[in-house]
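One structure below.
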Amino acid sequence: MQFDYSLEHLNTFGIAARARRFVEIHSVDQLAATLADPALASLPRLFLGGGSNLLFTRNFDGLVLRMANLGKHIVGKQHGATLVRAAAGENWHAFVQWTLQQGLGGMENLSLIPGTVGASPIQNIGAYGAEIKDSFHSLTAFDPASGTTRTMTAADCRFGYRDSIFKHPDGAGLVIVDVTFALPDAWQPNTRYAELANALLDAGLAQPTPQQVSDTVVAIRRRKLPDPAVIGNAGSFFKNPVVSAAQCAVLLEQFPTLVHHAQPDGTEKLAAGWLIDQCGWKGRNLGAAGVYPKQALVLVNNGGATGAEVVALAAAIRADVMQRYGVSLEAEPVFI
Ligand code: EPU
């Protein structure tokens, strides 16, 4: 247990924030014992994975628990798929690479996403036409209220776009300790996302292997997204907003180049990066916080930014997008 602990190296935004108490969790038994400790019972709690989807706006006056339990293995076969399980503290990208080394395709489109396995279901991470819900089998969650673990299926997790039960009051108290994925024996590349399909064709990969798809995704991400080890950021700062077909039609009359994608339920998902870009924010800074010059959806810490500076920048962007397009942007990272 650490006291007055710096969290600067534990959040990919690189914001200087401190925790009153800090502990690294290596097992479910240790987790249970820590949460049952009467001396810690009155402290607010914050669970950390890779710290890649949160923004510290203040010091955390409570107990930070960093999930660092490790382990990954093949569980077995089921219904034409191979089940693989990883502990919450495993690095996401390293886990994806490990599955590929086992000859198992299915998660290659999600290569290089920062963060941990345990955090991946919370916002149902997604990229290049895939989301973890597509490969998800089940997870083990620890319930501090009962002191027991339980298995949760995809239906239990209520996955949505960058959303799950773990972001809502009835699931927010649960702690994910491991996640199991079902990877298909009959693998097919997922080339629904035009940018990925084009990059594969450009590379002459008409029938790519899972590893080649992964390498291509990694190359695209390196080209467009800042490496958090170099420039602090939390990936997309806003979700892509979903509007009604009617609102989209009205917007298209005024802005014919608006980027939009029809959703299965008839709504339209707009590209927040395009909206922000059109408002002239790309590459602009407010204090030490800025908008990444190659992708307007990513806010960055240019060095020494405070959470308040990032919040002020985000508020200014939201206000501009609202004024120009009448569309409300919702932040993707969790504000602490
Ligand atoms: N666009 C612009 N200007 C910009 C950025 C984007 O005009 O500055 C336009 C692009 O030209 C494109 C459209 O907006 O037509 C969409 O852009 P892009 O393909 O880069 O994807 P995105 O919608 O901005 C989403 C995810 C990313 C994910 C990519 C690829 C969200 C909030 N973001 O971004 O996820 O990597 O698609 O699948 O859904 C993350 O969640 O942290 C993240 C990086």
Task: Normalised alpha carbon radius of gyration of region 225-311 [divisor 2.2 N^0.38 Å] - done: 1.25
Task: Neighbour-limited loop hits for chymotrypsin sites (Phe, Trp or Tyr not before Pro), region 257-336 (at most 10 other Cβ within 10 Å; DSSP other than H, G, I, E, B) - done: none
TODO: Pull out the extension gain between Val311 and Gln211, defined as 0.36 nm times the separation in residues minus the alpha carbon to alpha carbon distance; nm, one decimal.
DONE: 32.2 nm
- [ ] Quick one, can you get me the convex hull of the C-alpha atoms of region 58-129 expressed as volume per residue in Å³?
- [x] 123 Å³
- [ ] Mind checking the full-extension length gain between His168 and Leu252? Use 0.36 nm per residue of separation minus the Cα-Cα distance, one decimal, nm.
- [x] 26.9 nm
- [ ] Starting from the Kirkwood radius over alpha-carbon pairs of region 9-72, derive D by Stokes-Einstein at 25 °C in a medium of 0.890 mPa s and give it in µm² s⁻¹.
- [x] 196 µm²/s
TODO: Would you mind pulling out the separation of the Cα centroids of region 75-132 and region 1-62, in Å?
DONE: 25 Å
- [ ] First check a/c for region 143-264, with a ≥ b ≥ c the square roots of the eigenvalues of its C-alpha gyration tensor; if it is under 1.5, answer rounded, and if not, answer prolate when a/b is larger than b/c or oblate otherwise.
- [x] oblate
Task: Gap separating the Cα centres of region 221-246 and region 294-336, nearest whole Å - done: 11 Å
- [ ] In whole Å, largest first, what are the principal axis extents of the Cα atoms in region 1-135?
- [x] 48, 31, 20
- [ ] Would you calculate the separation in nanometres between label points at Asp227 and Arg284, each defined as 7 Å from the Cα along the Cα-to-beta-carbon direction?
- [x] 3.0 nm
- [ ] Go through 195-208, 48-61 and give me the packing order, highest mean Cβ count within 10 Å leading.
- [x] 48-61, 195-208
Task: the chain shape via C-alpha gyration tensor axes, a/c threshold 1.5 - done: oblate
Task: Convex hull volume per residue for region 72-184, taking Cα atoms only, in Å³ - done: 96 Å³
Open item on the list: Compute a Gaussian network model of the chain, connecting alpha carbons closer than 10 Å, and tell me which residue from Ala271, Ala194, Ala234 fluctuates the most.
Closed with: Ala194
- [ ] Please list the non-local residues whose amide H lies under 5 Å from the amide H of Phe238, H modeled 1.01 Å from N, same-chain partners needing a gap of 5 or more.
- [x] Glu332
Task: Cross-link pairs beyond the 21 Å C-alpha cut-off, checked among Lys239/Lys294; Lys167/Lys239; Lys77/Lys167; Lys133/Lys167; Lys72/Lys133; Lys72/Lys224 - done: Lys77/Lys167; Lys72/Lys224
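Each value in this text was obtained by applying a stated rule to the coordinates, not by laboratory testing. Keep in mind that this is a model prediction, so the values were computed, not measured. Every residue, glycine among them, receives a Cβ derived from its backbone with ideal geometry; neighbour counts consider all protein chains shown.
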